[in-house]
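S.K.: The structure under discussion is supplied below as structure tokens; questions concerning it will follow.
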Amino acid sequence: QVQLVESGGGLVQPGGSLRLSCAASGLTFSTYAMSWYRQAPGNERELVAGITSYGGVTNYVDSVKGRFTISRDNAKNTVYLQMNSLKPEDTAVYYCRARRGRTRDYWGKGTLVTVSS
């Protein structure tokens with residue numbers, strides 16, 4: 001039974017920081033590429049950041065480059081998203097995704113991030 005559990009969301013003021021965590025179980029974590037997506041009301045779900053299984057390559061959507069950092073700890077079966085200099089437009093439900101090839105694809109249930117003064 002594969003399970004991805006996000007945590008770390010909450011309410012933060014503009015300019016503040018949050019660190020999201022996604023704990024994975026039921027899979028061989030080190031063989032999966034991991035990513036963070038977000039979805040705001042009225043918007044499509046968008047890819048925010050991705051990281052390869054070995055952690056050597058990362059990608060970010062332009063709107064978060066320089067502010068967000070994705071990382072992983074394969075020994076802890078956990079992927080992180082460090083979010084700095086948060087803006088109101090970062091408000092969304094953030095989802096963790098695990099992928100391997102074209103057949104294995106799993107999603108977490110999401111954690112809400114609200115950036116507001």
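The values are calculated or read from the model by the stated rules, or taken from the named source; none is laboratory data. Just so it is clear, the structure is predicted and the values come from calculations on it, not from any experiment. With ideal geometry, Cβ positions are generated from the backbone for all residues, glycine too; neighbour counts draw on all protein chains shown. All accessible areas refer to the heavy atoms of the entire protein, side chains included, with ligands and DNA or RNA removed. Shrake-Rupley method; radii C 1.70, N 1.55, O 1.52, S 1.80 Å.
S.K.: If I ask for residues that are among the hydrophobic types (A, V, I, L, M, F, W, C), loosely packed, with under 15 Cβ neighbours inside 10 Å and over 12 Å from Ala33 (Cα atoms), which ones from the stretch 44-92 would you list?
M.R.: Hits for the stretch 44-92 are Leu47, Ala75.
S.K.: When you scan the stretch 100-107, do you find a residue that is open to solvent by less than 30 Å² (accessible area, probe 1.4 Å) and touching a residue at least 12 places away in the same chain (Cβ under 8 Å), even just one?
M.R.: Taking every residue of the stretch 100-107 in turn, none turns out to be open to solvent by less than 30 Å² (accessible area, probe 1.4 Å) and touching a residue at least 12 places away in the same chain (Cβ under 8 Å).
S.K.: Can I ask one more? Of all residues in the stretch 35-78, count the ones that are under 18 Å from Val93 (Cβ atoms) and not small (Gly, Ala, Ser).
M.R.: Number satisfying all stated conditions: 15.
S.K.: State the number of residues belonging to the stretch 18-41 that are under 18 Å from Lys87 (Cα atoms) and open to solvent by 60 Å² or more (accessible area, probe 1.4 Å).
M.R.: 3
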